[in-house]
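Single-structure report; data block below.
What follows draws every value from the coordinates through simple rules; no lab data is involved. If you're wondering where the values come from, they're calculated on a predicted model, not measured in any experiment. With ideal geometry, Cβ positions are generated from the backbone for all residues, glycine too; neighbour counts draw on all protein chains shown.
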Amino acid sequence: MKFSLGKWLLPTYVTLAFIFTMIPIAYTFVFSFNKVEKSNIAWKEFTFDNWLNMCDQPVVCEAFGNSLAIAVISTLISTALGTAIAIALGRYKFKGRSATNLLLFLPMATPEVVMGAGLAAQFLNVGISKGFWTIVVAHVMFTLSFVVVTVKARVATLDPRLEEAGRDLYANASSVFWRITFPLLLPGIMAAAMLSFALSFDDFIITQFNSGPETTFPKFVYTAAARGIPPEANVIGSLVFIVAIAIVMIVQVRASLKAKKLRA
Amino acid sequence: MAFVALGQGSAGNSSAPKKASRVAFILLAPGMIYLGLFFLTPLVSLVITSLKTASFTGEIGMYDYGFQVSNYAYALDQYLPQITRSFIYALIATLMALLISYPIAYFIGVKARNKPILQAFLLTLVIAPFFISFLLRTFAWKQIFSNESPATQFLQSIGVLAPDQYVIGSSFAVIAGLTYNFIPFMTLPIYTSLERLDTRLVEAGADLYATPVQTFWKVTFPLSLPGVISGTLLTFIPISGDYVSASRDFLGGSDTAMIGNVVESNFFRIQDYPTASALSVMLMAAIVVLVSVYVRKSGTEELL
Amino acid sequence: MATEFVARGQDLELVGIHKEFPGFTAIENLDLKIPAGEFFALLGPSGCGKTTTLRIVAGLDEASRGKVLIGGKDVTASKPHERPVNTVFQSYALFPHMSVLENVAFGLRQRKVADPLAKATEALQLVELEHLALRKPQQLSGGQQQRVALARALVNRPALLLLDEPLGALDLKLRRQMQVELKAIQMEVGLTFLHVTHDQEEAMDMADTVAVMNKGEIEQMGAPEALYDRPKTAFVARFLGQSNIFVGDVVEENDHSISISCNGQRIAAPKKRSEKHSGKVALGVRPEKATFHADKPDLDSNHNLVGPGEIIDIRFTGVSNQYLIDVPGFGDITVFAQNVGKSPVVELGAHVWVSWKVEHAFGLSDLPLKADNDEA
């Protein structure tokens, strides 16, 4: 009796925990099909209209477009800057390594409201008006450390002898980087870029402090929450979710196929 | 996860050439200058702004440079309940998240170790909430807890809630929302350290006459401690500054405001930048003190 | 088809190479000349500086002082990719993101050689792996990876091929097989090989010339037979095979030999096989050159004789029996007796005399250190 309890306790607990984490996702999805008159709080009636006309509320789609653009631009910048730092940390000895590590660690240990308010105070003090580009600046700032950490883990697994072999085989410094180092780091760089994109796309607090009149998708949802979030926002949220899960599944299936091929 | 990774891997390559430091400098400089300009100096800006005085023209939102330390006294006096509430909520939500996450992480990292497909599937479930805007997720909880929702009505019908009592607006709702939003941040680092756990150590514990419970507390848990520490930090720090869950438009009510909410309202609604900045500086200072004490007490200083 | 890879190997010359790392000196004033087309082995224990020497030749490390000349041309300041040198790395360092064929073609592509894939395929034929050309390196066995690494280096027809413990990761049987193949390929292509290893058997088996390196310096250099027959230092005597070494003051010196007195026993060595002729001198003899006798034999002055001693250990190693004999007041002597089925029947604890011909003894230039004794 006791044995079977111990055996089933953990799986049951884990299942319940996963149900708990899935409930709001399911809710968001279900309420994207709700026929809404005033607010999308209570269920009324099933409809496809929200999906078919998701840009009927132009603000939602405009905010979504802004979020995408900001996420793409800030991801490109922070991935480039962060990869360079990760290579320096993983490959070179230099003075001030611990100060560098501390400066990279701090943004991850600072509440968003502090970073957001700090940058906003700085823009205020130097008289920069906030908008699209101040959001990009802010997003590069808080995603950079996450890129460094992710790429650095990959640099650590890279055998320096592979680069030496490249140099030995007549490759100059830039050939070594582009034909050996970069392709081998690419999975880590891609993972970092995806993380950076997700962090930027979903950021609200830092964005709110540094956006001025500019709207992003999370900012739109936050502002709309007082009146009731339009179901079109649920549509976009669900759509992003489906695309992201599809990407993750493709990546995982490819990885397991590759592993299988190597074992054969 | 991030904390664990940053703590390790500072081992440089011993065969680094002499000119390396110049290359390293070129690689480091752009990013580090960026962080200096847009992370470090803003913290200084925050301190400067927190000491500003009201403009003598009396215009709203205009302040002069000054050294008005009393801004801090004012902020403390005015917002002490919100400040303490922030840390209490953050503490409870972090513990709740640990309670929920540890079994998940243990199951994926240890029990599902030899089942790669199940492991991959469960990991996808763990990170799935990341893929839907956390504002929409929090709003979904508002729907679930709303006064006319089936869940609330059920709780009222079985007498857990009085007929005129509601979930939304309560501390419970806010803490539940905070806990929920940060579960993946807790699960992933714990999973990472448990995944690396050598199961032979557990077998050795069993071999040396420890019961499964003793083995867990004497072997497994201590070895997963780095993950637990990074997980609790990755949860506690953002929660203490969060203001979405506690907002009245989401799960909060009239007496659930946290420090983030008062920073937001001071900054945007009444444009009292000095008070907003003073509150932020105090939050940052408290976090730095708490984190360093915590990290030291838990004996993993190499984390920093 | 192998003729495609026949190239004129070039000679390598190291002049006064000195390498400092923070806190220690890896190489101490090294001079070395390797003639073109030779198979040269640099042999020594880990940390002796042999790998650093190789890396300096490849250009992967910079010497603190000194010059590297290849084919008479000073390449000290050249970058690795500018040197006509290729390396077979210890763990092969095959590029995991490229196929075997692309790995082999890498150097050709970098130098913009025409038709790189055809040449790479030929190189794979040389190492008999053309059927695996499209696999990824991770899908190959250790021995196959080793051969890909060799093909990847050879295809460039370097003036000098560097081998950094290339067989270290293989099991014993495969190792011996690869030694034979490697030697055959070297003879076929006629390149200059610089081979770094800590395996004395491997070095002696493959190399034309062996240099024994210790603590950043070359202690002795020569043909394997010569090194084995006449080691000049205690380190070489013990690192290259085993040796019995006796230390004592020279008590007699004539035209042909010197004799020392070692704890009351008198031991002689030919003068021309001795480095030092006076003072405190170490003489040695290889264990297989010594024999033991149950009774004190009657021997002429061309033999050294010590005893009586007690057999305190017997080890059976297949081809021979190894006996450890303790001579009271003198020390231990190791004797190898070939296992031909007619060795004297002796048991542990038996009392015996040990003898060897004076002409087999050698005199060392230095005295064994305590640490060397422990090692042996």
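Any chance you could run the full-extension gain for C:Q177 through C:R65? It's 0.36 nm times the residue separation minus the Cα-Cα distance, nm to one decimal. Walk me through the numbers before you get to the answer.
Values: separation 112, 0.36 × 112 = 40.32 nm, distance 3.89 nm.
Additional length available on full extension: 36.4 nm.
Please go through the residue pairs C:K183/C:K215; C:K67/C:K232; C:K33/C:K73; A:K130/B:K142 and name each one whose alpha carbons sit more than 20 Å apart in this structure.
C:K183/C:K215; C:K67/C:K232; A:K130/B:K142
Of C:H81, C:H195, C:H97, how do they rank once you tally other Cβ atoms within 10 Å and put the fewest first?
The fewest-first ordering by Cβ neighbours comes to C:H97, C:H81, C:H195.
Which helices count as membrane-span-like in chain C under these terms: full DSSP H, at least 24 Å along the axis by C-alpha, Kyte-Doolittle mean of -1.0 or more?
Flagged H segments are C:172-189.
FRET efficiency for C:H351 and C:F24, Cβ-Cβ distance as r, R0 = 45 Å, nearest 0.05?
That pair, C:H351 with C:F24, gives E of 0.40.
Give A:K35/A:K219; A:K95/C:K19; C:K19/C:K276; A:K38/A:K219 a once-over and call out the pairs whose C-alpha atoms are over 25 Å from each other.
Working: A:K35/A:K219 23 Å; A:K95/C:K19 23 Å; C:K19/C:K276 31 Å; A:K38/A:K219 21 Å.
Pairs exceeding the cut-off: C:K19/C:K276.
Contour minus end-to-end for B:V288 and B:R196, with contour as 0.36 nm per residue of separation and end-to-end as the Cα-Cα distance?
30.2 nm
Show which lysines lie in cross-link reach of C:K136 when reach means a straight Cα distance below 22 angstrom and same-chain residues fewer than eight apart are skipped.
Straight-distance partners of C:K136: A:K258, A:K260, A:K261, C:K119.
Counting only the backbone N, which residues of the range B:165-203 are under 20 Å from the spot 7 Å out from the Cα of A:I23 toward its beta-carbon?
B:165-187
What is the set of long-range amide H partners of C:Q220 at a cut-off below 5 Å, with H atoms built 1.01 Å from backbone N?
Those lying under 5 Å, H to H, from C:Q220 are C:V212.
Which FRET efficiency, nearest 0.05, do A:A69 and B:Q214 yield, Cβ-Cβ r, R0 41 Å?
0.15
Looking only at the range C:266-286, which residues have a backbone nitrogen under 18 Å from a spot 7 Å from the Cα of C:D332 in the C-beta direction?
C:284-286
Grab the beta carbon distance between C:H293 and B:E203, set R0 = 51 Å, and tell me the FRET efficiency rounded to 0.05. Spell out each step's value before the answer.
Numbers: r = 58 Å, r/R0 = 1.13.
About 0.30, to the nearest 0.05.
Can you sort B:T192, A:T157 from fewest to most other Cβ atoms within 10 Å of each residue's own Cβ?
Ranking B:T192, A:T157 by Cβ neighbours within 10 Å, fewest first, gives A:T157, B:T192.
Tell me the label-point distance for the pair B:S298, B:T124, using the 7 Å Cα-to-Cβ offset, in nm and rounded to one decimal.
According to this spin-label approximation, the distance is 3.1 nm.
If each residue's Cβ is checked for other Cβ atoms within 10 Å, how do A:W43, B:W217 rank with the fewest at the top?
B:W217, A:W43
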